[in-house]
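Some notes on the structure that comes next.
Coordinate-derived values only; no laboratory data. Please read these numbers as outputs of a predicted model, since none were measured by experiment. Using ideal geometry, Cβ is built from the backbone for each residue, glycine included, and neighbour counts are taken over all protein chains shown.
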Amino acid sequence: MRSVEDADGLETLPLFALNTVLFPGTWLPLRVFEPRYRQMVADCLDGDRSFGVALIKYGDEVGGPATPFGTGTVARIQEVAQDRGNFHLLVRGERRFEVAALVDGGLYPKARVRVLPPPRASAADERDAREMRLLHELYVKALHRAARTLNQRWPPELLAPIPEGDALVVANWVAWMLPTDNTEKQRLLECATVGEMLAGARGVLQADLERWEAVLRRPAPG
């Protein structure tokens, strides 16, 4: 359960350090089985149903302590089910936050955080976002072709259409689904402008599209 913002503009937020990056407006399924995090979820459900998600910088996702990156995303529980004491959650990213300090002690990790404003947007970003939607459509078509001809299987987020919305919606959604490592996604989450996010995501998406197009052009064996 998140506390009220204090005079310094900080809030105390339960913190789930994971090997994944959550972006505002995107979705994340979670299976929660560690006792400390089950207690965290129970407390969140008694409150405003929100906690922080941050990518692990050092440490392990299960068992021991983990040091997160300094920027994460507030996650709000949308759906919840229980099975033998474990929680199955579907959470949605809301706002980015900056970790001011980790809170010592307690049953589960917490942090003092400052909620960050959305990345700055310009008029040019809307044009770039429209181009990104077209590039994403070409990419998804290439993946469908690979699925048919090469028997490839893809995680659902790679094939999901971009929701309706402005350039920031596009930037967050494409950054979330990118076929790249988490450190690159973390860099996109930390971008100060929508233009930076779109430019970084475009480079990754274009390169992977070209890679799959080259694969699909190769003659079939035999």
Q) What translational diffusion coefficient, in µm²/s and rounded to a whole number, does the Stokes-Einstein relation yield for the stretch 123-217 at 20 °C and a viscosity of 1.002 mPa s, taking the hydrodynamic radius as the Kirkwood radius over Cα pairs? A) 158 µm²/s
(Q) Please check: in the Gaussian network model of the chain (C-alpha springs, under 10 Å), which one of Val41, Val103, Val194 has the largest mean-square fluctuation. (A) Val103
Q | 5 angstrom amide H check on Ala111, placed H, neighbours 5+ away | A | Leu13, Leu15, Val103
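Find, to one decimal place in angstroms, the Kirkwood hydrodynamic radius of the stretch 11-115, where the mean of 1/r is taken over every pair of different Cα atoms and then inverted. Don't skip to the end; give the middle numbers.
Numbers: mean 1/r = 0.0741 Å⁻¹.
That comes to 13.5 Å for the stretch 11-115.
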Q.
If I take the Cα coordinates of the chain and project them onto the principal axes, what are the three extents in Å, biggest first?
A. 61, 45, 30
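Over the chain, what is the relative contact order in percent, taking alpha-carbon pairs closer than 8 angstrom and at least six residues apart? List each step's numbers first, then the result.
Values: 401 pairs, mean separation 44.0, N = 222.
Here the relative contact order equals 20 percent.
Please state, to two decimals, what the Cα-based radius of gyration of the stretch 50-167 comes to when divided by 2.2 N^0.38 Å (N = residues). Intermediate values should be presented prior to the final figure.
Numbers: Rg = 18.9 Å, N = 118, 2.2 N^0.38 = 13.5 Å.
With N residues counted in the stretch 50-167, Rg over 2.2 N^0.38 Å equals 1.40.
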(Q) Among Ala167, Ala201, Ala100, which one shows the highest mean-square fluctuation when the chain is modelled as a Gaussian network with alpha-carbon springs under 10 Å? (A) Ala100
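Rounded to two decimals, what ratio of Rg to Rh does the stretch 115-155 give with C-alpha atoms and a Kirkwood Rh?
On the way: Rg = 15.8 Å, Rh = 12.6 Å.
Rg/Rh: 1.25.
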Q. What longest range of the chain stays clear of loop-exposed GluC sites (Glu not before Pro) (DSSP non-H/G/I/E/B, at most 14 other C-beta within 10 angstrom)?
A. 62-163
